[in-house]
Amino acid sequence: MNIRRFILIAVPYAWLLALFFIPFFIVFKISLSDLALAIPPYSPTVKDGIFNMLSAFDFENFTFLASDDLYWKAYLSSLKIALISTIFAVIVGYPMAYGMARAPDEWRPTLMMLVILPFWTSFLIRVYAWVGILSNEGLLNQLLLWLGLIDAPLTIMNTTTAVYIGIVYTYLPFMILPIYAALDRLDESLIEAAEDLGCSRTKAFWLVTVPLSRNGIIAGCFLVFIPALGEFVIPSLLGGSGTLMIGKVLFEEFFNNRDWPVASAVAVVLLLILIVPITLFQRNQQRQAEADT
């Protein structure tokens, strides 16, 4: 029994070691190195000897991040964009999840499929589709011009607004599904009891439905905020050069500047920032599991 238990526990830990700790250790090691005109473009490496490699490590790249305002502005901008996108995802996703939970039973699988359906298409293709929708000659401007609501095309592409639209659209299912799961488990008799005690339908919604779906809202917020913070594709395609996000900075340092040590330091700091919401999300999930049992 002990051997079986050990094997059961060892498999996920081995997976975590292989796909997280080892890559993180390599990135952290590069972040302590120096830029070099070589392959790979940093030094020292293992071929220089373990002792020489360890003695040459320093935190110069992390000091450089603190001294250059480009990086901390990118971190702050990413936090702002991820936070605002998460708020918009709640505003859009909660009514959709509520409608799914209140729909007839025979319609719920269809509605669930419609929410999941975008995942059947490539993420890159879905983002590129918004280029055709939001551009000056895109479908949105053509529709607004045809309806007579605007006289000239709106400039949406290559703005932060386009980034918000892309992030909310892309990660909306991650907000809808946990909220729907929480609302689907909601006991309708509690709402009926609140109405019997004098609450209106609207008041019962805010006093009963929303608090009881709080765990789903929290889970959805974390599932949207965490990937949105390090997003690269959406700000690159929809935001243009004027949108500052740490994912774009990280890409440029790696592939344009080929400054792997600084890029690795940027990645390490980003991971340390993400540890906070990830830890909070895990604690929320643990409390929810304990409450269900």
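All of the numbers you see were taken from the coordinates with simple rules; none came from a lab. Bear in mind that the values here come from a model prediction, so they are computed numbers and not experimental data. Note that each Cβ is placed from the backbone with ideal geometry, even for glycine, and that neighbours are counted across all protein chains shown.
Between Lys73 and Asp184, what is the spin-label point distance in nm, taking each point 7 Å from the Cα along the Cα→C-beta axis?
Inter-label distance under the simple model: 4.6 nm.
Just from the alpha-carbon atoms, what are the Rg and Dmax of segment 7-110 in angstroms?
23.4, 69
So if we plug the beta-carbon distance of Glu195 and Thr110 into 1/(1 + (r/R0)^6) with R0 = 35 Å, what FRET efficiency do we get, rounded to 0.05?
Efficiency computed from Cβ-Cβ geometry: 0.75.
The chain: longest stretch without exposed GluC sites (Glu not before Pro) (DSSP loop, at most 13 other Cβ within 10 Å), sites themselves excluded?
For GluC sites (Glu not before Pro) (loop position, at most 13 other Cβ atoms within 10 Å), the longest site-free span of the chain is 138-293.
With a cut-off of at most 16 other beta carbons within 10 Å, and DSSP calling the residue loop, which chymotrypsin sites (Phe, Trp or Tyr not before Pro) in segment 211-240 qualify? Please list them.
Phe232
Per 5 Å bin from zero, what fraction in whole % of the C-alpha pairs of segment 173-217 is there, up to the bin with the longest pair?
5, 25, 28, 21, 12, 6, 2, 0
Whats the longest run of the chain with zero trypsin sites (Lys or Arg not before Pro) that are DSSP loop and have at most 16 other Cβ atoms within 10 Å?
Answer - 1-184.
Where a ≥ b ≥ c are the square roots of the eigenvalues of the C-alpha gyration tensor, would you call segment 173-293 rounded, which needs a/c under 1.5, or, failing that, prolate if a/b is larger than b/c, or oblate?
Prolate, because a/c is 1.5 or more and a/b exceeds b/c.
Kirkwood hydrodynamic radius (Cα pairs, Å) of segment 68-292?
About 19.7 Å, per the Kirkwood formula over Cα pairs.
As an exercise, use a Förster radius of 30 Å and the Cβ-Cβ distance of Ile9 and Thr279 to find the FRET efficiency, rounded to the nearest 0.05.
Efficiency, from the Cβ-Cβ distance: 0.90.
For Lys80, list the lysines whose Cα falls under 21 Å from its own Cα; do not include residues on the same chain fewer than 8 positions away.
Correct list for Lys80: Lys248.
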